[in-house]
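Visitor: The following block contains the structure, expressed as structure tokens.
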Amino acid sequence: MLGYEVNFDGLVGLTHHYAGLSFGNEASTLHSNSVSNPKLAAKQGLLKMKALADLGFQQGVLPPQERPHLPTLRKLGFSGSDEQILVQAMRTAPRLLSALSSASSMWTANAATVSPSADSRDGKVHFTAANLNNKFHRAIEAETTSAVLRAIFNDDRYFAHHDALPSVALFGDEGAANHNRLGKDYAKPGVQLFVYGKQEFGGESGPVRYPARQTREASEAIARLHQLNEPQTLFLQQNPAVIDQGVFHNDVIAVSNQQVLFYHQQAFLHAQQGLEQLRRKMASVEAELVAIEVPTSRVSVADAVGTYLFNSQILTKQNGKMMIIVPEESRQHAAVWHYLNEIVTSGGPIDEIKVFTLRESMRNGGGPACLRLRVAMNEAELQAVNPGVMMDDCLFSRLNEWVDHYYRDRLTASDLADPLLLLEGREALDTLTSILGLGSIYAFQQ
């Protein structure tokens, strides 16, 4: 049976702005309070989706969430009409209003952890929405994320959905940004690599400067929920030293595709021991690890973070060779670009580079890999996906018209209290659920 890796990219929301909300994400902090362009951000993301679909890759769309999030403001003591709540929040708690207006659900690598049916004992594709409890502005996403995933993967013959883990420090979960799956064909058994920042009960020391957002306990819980077999599951700790240099997720320092693991020399704690375990586990599923280690002498951790070299996508082309998708910032850095070109001319599995301009997302700390959730499926499972979210010429045209109609091309923090922005957003999302065929997934639609 044929296997596919389908990338579901997050559509940037109407309240995309630069608030510097993500401590530990240095790009987010650096561009705090800059003027954003939500319309441009959405169109940049759509261009990436369409380009990959045109190249023959399976590409889907995940919708944004409703923001500002009035239900949370009401829970926190604000009362009155929607307009009154926005005015009160801007006057007395502007940072809170900013957090509850974040368009961070665009980074769907954090939406969930996904395990394909080939790895699960019940033969289903499993989804666990991430609780994202380390950051308040993201911790409110899980309920809607679950609703979105259930609306897209809505056939219980093939798909199993799990609620987010308890929202406490012990089970801090950041989704697929700390999860890799390696093997041969996407429809055959593989090895699932969970990368965690700290272990709450015992374990090695964690980072000091910035928080470790993923715990081993959360990764182990997801492995149990997804019915994964122990011989095909591996837990590795991210190097605390690189977390303290701004590597807030594993996908900022490593990326994988099939048998390839592309990673920085400093990515993992006890790296050689861990990679040897990975090689043995991959051999058990008849796959040979191709490890591409980038030495610190060629690309520093700071340059990796600044260019998002590893927050890239590696995609398998129809000829079996691989393409790496990088942001424009990687091309603009001489040493990183030189190294990338060495890789594609080395005779290894990656023989092509494709560059995308994602400036609006990059300035808020999210590159190509942040914008997508990978779902490995076989042919029958792919046919069971809600077809309304799959990118093609028609959907691309409709979504661009939708963005042109509803999105603003300039947004600052003070605009978040504009009641028209809230109304524009609700009308836009109501229309979008019709375009994508998702039904009533938002609280305001109930």
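The values are calculated or read from the model by the stated rules, or taken from the named source; none is laboratory data. Model, not experiment: these values are computed from the prediction. When we count neighbours, we look across all protein chains shown, and the Cβ atoms used for this are built from the backbone with ideal geometry, even at glycine. To get the accessible areas, we keep the full protein, side chains included, count just its heavy atoms, and leave off ligands, DNA and RNA. Shrake-Rupley method; radii C 1.70, N 1.55, O 1.52, S 1.80 Å.
Visitor: Looking only at residues in the range 198-243 that are acidic (D, E) and in contact with a Gly (Cβ under 9 Å, 6 or more places away or on another chain), which one is surrounded by the fewest Cβ atoms within 10 Å (Cβ to Cβ)? Working first, answer last.
Guide: Our first condition is that a residue be acidic (D, E); within the range 198-243, this holds for 200, 204, 217, 220, 230.
With the extra rule that they be in contact with a Gly (Cβ under 9 Å, 6 or more places away or on another chain), the set shrinks to 200, 217.
Details: E200: 17, E217: 21.
Here the answer is E200.
Visitor: Identify, please: which residue in the range 74-95 is more than 31 Å from the chain's Cα centre (by Cα) and among the charged types (D, E, K, R) and is, among those, surrounded by the fewest Cβ atoms within 10 Å (Cβ to Cβ)?
Guide: This residue is R91.
Visitor: Something else now. For residues in the range 105-159 being assigned to a helix (DSSP H, G or I) and of a type in the set (K, R), which is nearest to S440 (Cα to Cα)?
Guide: Filtering the range 105-159 for residues assigned to a helix (DSSP H, G or I) gives 105-106, 108-110, 117-119, 136-139, 142-152.
Subset that is of a type in the set (K, R): 138, 150.
Details: R138: 21, R150: 12 Å.
My answer is R150.
Visitor: Starting from residues that are out of contact with any Asp or Glu (no Cβ under 7 Å at 6 or more places or on another chain) and aromatic (F, W, Y), keep the ones in the range 400-428 and report whichever is nearest to S102 (Cα to Cα).
Guide: That would be Y407.
Visitor: A further question on this structure: What are the residue pairs meeting all of these: first residue in the range 336-363, first residue without any contact (Cβ under 8 Å) to a residue 12 or more places away in the chain, second residue part of a helix (DSSP H, G or I), Cβ atoms under 9 Å, and 6 or more apart or on different chains?
Guide: Partner pairs satisfying both residue conditions: W337/T307; W337/S330; W337/R331.
Visitor: Okay, next question. So, L170, is that one open to solvent by 10 Å² or more (accessible area, probe 1.4 Å) and either aromatic (F, W, Y) or in a helix (DSSP H, G or I) (or both) or not? Spell out the reasoning first.
Guide: Values: open to solvent by 10 Å² or more (accessible area, probe 1.4 Å): yes; either aromatic (F, W, Y) or in a helix (DSSP H, G or I) (or both): yes.
In short, yes.
Visitor: Can you tell me which of (1) of a type in the set (A, V, I, L, M, F, W, C); (2) open to solvent by less than 10 Å² (accessible area, probe 1.4 Å); (3) not in a strand (DSSP E or B) is the one F262 doesn't meet?
Guide: The failed condition is (3).
Visitor: Search the range 33-73 for residues being small (G, A, S) and in contact with a strand residue (DSSP E or B) (Cβ under 7 Å, 6 or more places away or on another chain), and hand back the single one that is surrounded by the fewest Cβ atoms within 10 Å (Cβ to Cβ). Let's see the steps before the verdict.
Guide: First pass over the range 33-73, keeping only residues small (G, A, S): 34, 36, 41-42, 45, 51, 53, 56, 60.
Right, trim to in contact with a strand residue (DSSP E or B) (Cβ under 7 Å, 6 or more places away or on another chain) and you get 36, 45, 53, 60.
Working: S36: 26, G45: 25, A53: 19, G60: 24.
The selected residue is A53.
Visitor: Another one. Just one of (1) assigned to a helix (DSSP H, G or I); (2) under 18 Å from A241 (Cα atoms); (3) open to solvent by 30 Å² or more (accessible area, probe 1.4 Å) trips up E276, so point out which.
Guide: (2)
Visitor: Looking only at the range 279-291, which residues are among the hydrophobic types (A, V, I, L, M, F, W, C) and out of contact with any helix residue (DSSP H, G or I) (no Cβ under 7 Å at 6 or more places or on another chain)? Break it down into steps so the answer makes sense when it comes.
Guide: The first filter runs over the range 279-291 and keeps only residues among the hydrophobic types (A, V, I, L, M, F, W, C), leaving 282-283, 285, 287, 289-291.
Across the range 279-291, the qualifying residues are M282, A283, A287, V290.
Visitor: For the structure I just gave you, tell me whether E381 is open to solvent by less than 20 Å² (accessible area, probe 1.4 Å), over 24 Å from P64 (Cβ atoms) and over 21 Å from the mean Cα position of the chain (by Cα).
Guide: Working: open to solvent by less than 20 Å² (accessible area, probe 1.4 Å): yes; over 24 Å from P64 (Cβ atoms): yes; over 21 Å from the mean Cα position of the chain (by Cα): yes.
When the stated conditions are applied, E381 passes them.
Visitor: Here is a further query. Among the residues of the range 118-145, how many are open to solvent by 20 Å² or more (accessible area, probe 1.4 Å), free of Cβ contacts under 8 Å to residues at least 40 places away in the same chain and closer than 20 Å to M377 by Cβ?
Guide: Result for the range 118-145: 2.
Visitor: Quick one: what pairs do we get from the range 385-401, first residue more than 15 Å from L52 (Cβ to Cβ), second among the polar types (S, T, N, Q) and in a loop (DSSP other than H, G, I, E, B), C-beta under 9 Å, 6+ apart or different chains?
Guide: Taking only residues 6 or more apart or on different chains, the pairs are V385/N154; N386/N154.
Visitor: Could you tell me how many of the residues in the range 146-162 are closer than 24 Å to L100 by Cβ and either open to solvent by 30 Å² or more (accessible area, probe 1.4 Å) or touching a strand residue (DSSP E or B) at 6+ places or on another chain (Cβ under 9 Å) (or both)?
Guide: Residues flagged as closer than 24 Å to L100 by Cβ and either open to solvent by 30 Å² or more (accessible area, probe 1.4 Å) or touching a strand residue (DSSP E or B) at 6+ places or on another chain (Cβ under 9 Å) (or both) within the range 146-162 amount to 5.
Visitor: Can you find even one residue in the range 336-352 that is open to solvent by 30 Å² or more (accessible area, probe 1.4 Å), closer than 24 Å to D54 by Cα, touching an Asp or Glu at 6+ places or on another chain (Cβ under 8 Å) and assigned to a strand (DSSP E or B)?
Guide: Checked against the condition, which is being open to solvent by 30 Å² or more (accessible area, probe 1.4 Å), closer than 24 Å to D54 by Cα, touching an Asp or Glu at 6+ places or on another chain (Cβ under 8 Å) and assigned to a strand (DSSP E or B), the range 336-352 yields no hits at all.
Visitor: Then there is this: Determine whether A109 is out of contact with any Pro (no Cβ under 8 Å at 6 or more places or on another chain), closer than 23 Å to V252 by Cβ and buried (at least 24 other Cβ atoms within 10 Å of the Cβ).
Guide: Values: out of contact with any Pro (no Cβ under 8 Å at 6 or more places or on another chain): yes; closer than 23 Å to V252 by Cβ: yes; buried (at least 24 other Cβ atoms within 10 Å of the Cβ): yes.
The answer is yes for A109.
Visitor: Another one. Using the structure shown, decide if L438 is more than 15 Å from N37 (Cα to Cα) and in contact (Cβ under 8 Å) with a residue 12 or more places away in the chain.
Guide: Values: more than 15 Å from N37 (Cα to Cα): yes; in contact (Cβ under 8 Å) with a residue 12 or more places away in the chain: yes.
For L438, the condition - more than 15 Å from N37 (Cα to Cα) and in contact (Cβ under 8 Å) with a residue 12 or more places away in the chain - is met.
Visitor: Oh, and also: Would you tally the residues in the range 302-322 being without any contact (Cβ under 8 Å) to a residue 60 or more places away in the chain, outside any loop (DSSP other than H, G, I, E, B) and aliphatic (A, V, I, L, M)?
Guide: 3
So that you can scan it fast, the table gives a plain yes or no per residue for (1) open to solvent by 50 Å² or more (accessible area, probe 1.4 Å); (2) touching a helix residue (DSSP H, G or I) at 6+ places or on another chain (Cβ under 7 Å); (3) within 16 Å of L261 (Cα to Cα):
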position: E293; (1), (2), (3): yes, no, yes
position: V299; (1), (2), (3): no, yes, no
position: I314; (1), (2), (3): no, no, yes
position: Q318; (1), (2), (3): yes, no, no
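Visitor: Restricting attention to the range 246-259, and to residues there that are more than 18 Å from E288 (Cβ to Cβ) and in contact with a Lys or Arg (Cβ under 8 Å, 6 or more places away or on another chain), which single residue is most open to solvent (accessible area, probe 1.4 Å)?
Guide: It comes out as F248.
Visitor: When you check D404 against the structure, is it touching a Lys or Arg at 6+ places or on another chain (Cβ under 8 Å) and either surrounded by 22 or more Cβ atoms within 10 Å (Cβ to Cβ) or not polar (S, T, N, Q) (or both), yes or no? Don't jump to the end; show me each part of the working.
Guide: Numbers: touching a Lys or Arg at 6+ places or on another chain (Cβ under 8 Å): yes; either surrounded by 22 or more Cβ atoms within 10 Å (Cβ to Cβ) or not polar (S, T, N, Q) (or both): yes.
Yes: the conditions hold for D404.
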